[in-house]
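Participant: Take this structure, written in structure tokens, and hold onto it; I'll ask about it next.
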């Protein structure tokens, strides 16, 4: 998993006779007035990185209290070791700027480095569309010939470029030298500085979203249609009975207009699944029994399927994403009847109350409660979960804090849940079948 760390960016505006020219400084100090927090992302061997106090005050960096960036690059023989290991800023988080080869301050980038091994450090500058602006062909690798001493290195280049928005640092470049690294290489960096013609201020991402409820009472919000088809509108709820008595809902007309017609919502800062207990739910109402596919995209794809069965009535579908702990998925996608092709007549489906939260708190879907039995309940030992005719795929038991304390996959219409290892108290069993998902209350005495 790519690791991200917080750093502080100070932008010092100077007057050089050129419009918007700035000297940019990344010094990794805490609490600087006016500094902007941003993120670094490691790659290749994903070297772990963190901001620490200067471990060795010497050379060009004699301040023992200053904050610096530490990156540990593993040996190439180690799992995941890479000759191009390094880290990079996220696009736009250090600002966006132009380079003018006629301006002296725009033709170099300097940084203080302290390296535990001799080797080479590489640098790239990338523009906002992902294009390489400054790379190795521009002399952007520099040898470090003295270990364990702070040195100032400068990358020189002479390029005219627009919308530069990302800095990449290769912490121990060996790809063109036999790709060897016998031991780990620890690199500390401080005071990265360069000049440029400012285009945009830094864009700092906020924290990922851990919970939300979209009820469509005031319109469609940030939902749209994807897959080149269908019409999304806000309408009055045509069936204001339980379980959905809200006044307004959303409607997707023509669910089979094109093969991949769907609704979608994008969250720039991503969905936070890191707690390992998240779920999503959606109220659905339509004119036929259809599969409802739920996906999270923009990172490692989450893809789940449930079936809408209560034709003409509202049904709540609950999707279990507790097995995923990512924070970088940025798009929510829902397909209605994805299995049918475009020759099947399109229909109108209403949906409402799309919610993200702790799985145990999302409640039950519209499966009939009497079709599930848990007995004895309360119990001092174990529970038996029995259905009339549904195959139980998975049962997950949560405590009142939303922690998953037990998981079983019976693949049968009857299952036994042992409570011997559970403390006395209230629990919630989330039962997943092909027809949907339901939560039962369990009491351990």
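Participant: Run residue 195 past the list (1) part of a loop (DSSP other than H, G, I, E, B); (2) in contact with a helix residue (DSSP H, G or I) (Cβ under 6 Å, 6 or more places away or on another chain); (3) closer than 29 Å to residue 62 by Cα and report the number of the one that doesn't hold.
Facilitator: If we test residue 195 against (1) part of a loop (DSSP other than H, G, I, E, B); (2) in contact with a helix residue (DSSP H, G or I) (Cβ under 6 Å, 6 or more places away or on another chain); (3) closer than 29 Å to residue 62 by Cα, just (1) comes out false.
Participant: Tally the residues that are in contact with a strand residue (DSSP E or B) (Cβ under 7 Å, 6 or more places away or on another chain) and at pLDDT 85 or above, restricting the search to segment 68-90.
Facilitator: 12
Participant: From the list 432, 401, pick out the single residue that is modelled with pLDDT under 80 and surrounded by fewer than 13 Cβ atoms within 10 Å (Cβ to Cβ).
Facilitator: Going through 432, 401 in turn, just one is modelled with pLDDT under 80 and surrounded by fewer than 13 Cβ atoms within 10 Å (Cβ to Cβ): 401.
Participant: How about segment 72-88: which of its residues are assigned to a strand (DSSP E or B) and surrounded by fewer than 23 Cβ atoms within 10 Å (Cβ to Cβ)?
Facilitator: Result: 72, 88.
Participant: Surrounded by fewer than 21 Cβ atoms within 10 Å (Cβ to Cβ), outside the structural domain of residue 268 (by the TED database) and over 28 Å from the mean Cα position of the chain (by Cα): is that true of residue 118 in this structure?
Facilitator: Answer is yes for this residue.
Participant: Among the candidates 105, 116, 101, single out the residue that is over 22 Å from residue 328 (Cα atoms), touching a helix residue (DSSP H, G or I) at 6+ places or on another chain (Cβ under 8 Å) and touching a residue at least 40 places away in the same chain (Cβ under 8 Å).
Facilitator: Only one candidate passes the filter, namely 101.
Participant: Could you check segment 163-182 and list, in sequence order, the residues that are assigned to a strand (DSSP E or B) and modelled with pLDDT under 90?
Facilitator: Hits for segment 163-182: nothing passes.
Participant: Moving on to the next point. On the basis of being surrounded by fewer than 20 Cβ atoms within 10 Å (Cβ to Cβ) and either in contact with a helix residue (DSSP H, G or I) (Cβ under 7 Å, 6 or more places away or on another chain) or under 16 Å from residue 41 (Cα atoms) (or both), does residue 158 make the cut?
Facilitator: Spelling it out, residue 158 is indeed surrounded by fewer than 20 Cβ atoms within 10 Å (Cβ to Cβ) and either in contact with a helix residue (DSSP H, G or I) (Cβ under 7 Å, 6 or more places away or on another chain) or under 16 Å from residue 41 (Cα atoms) (or both).
Participant: Tell me, which residue of segment 121-147 that is surrounded by 15 or more Cβ atoms within 10 Å (Cβ to Cβ) and assigned to a loop (DSSP other than H, G, I, E, B) is nearest to the chain's Cα centre (by Cα)?
Facilitator: 128
Participant: I'd like to check something: does segment 43-64 contain any residue that is in a loop (DSSP other than H, G, I, E, B), in contact with a strand residue (DSSP E or B) (Cβ under 8 Å, 6 or more places away or on another chain), surrounded by fewer than 21 Cβ atoms within 10 Å (Cβ to Cβ) and modelled with pLDDT under 85?
Facilitator: Scanning segment 43-64 turns up at least one residue that is in a loop (DSSP other than H, G, I, E, B), in contact with a strand residue (DSSP E or B) (Cβ under 8 Å, 6 or more places away or on another chain), surrounded by fewer than 21 Cβ atoms within 10 Å (Cβ to Cβ) and modelled with pLDDT under 85.
The values are calculated or read from the model by the stated rules, or taken from the named source; none is laboratory data. Nothing here was measured: the structure is a model prediction, and the numbers come from that model. Here Cβ is always computed from backbone atoms with ideal geometry, including for glycine, and neighbour counts include all displayed protein chains.
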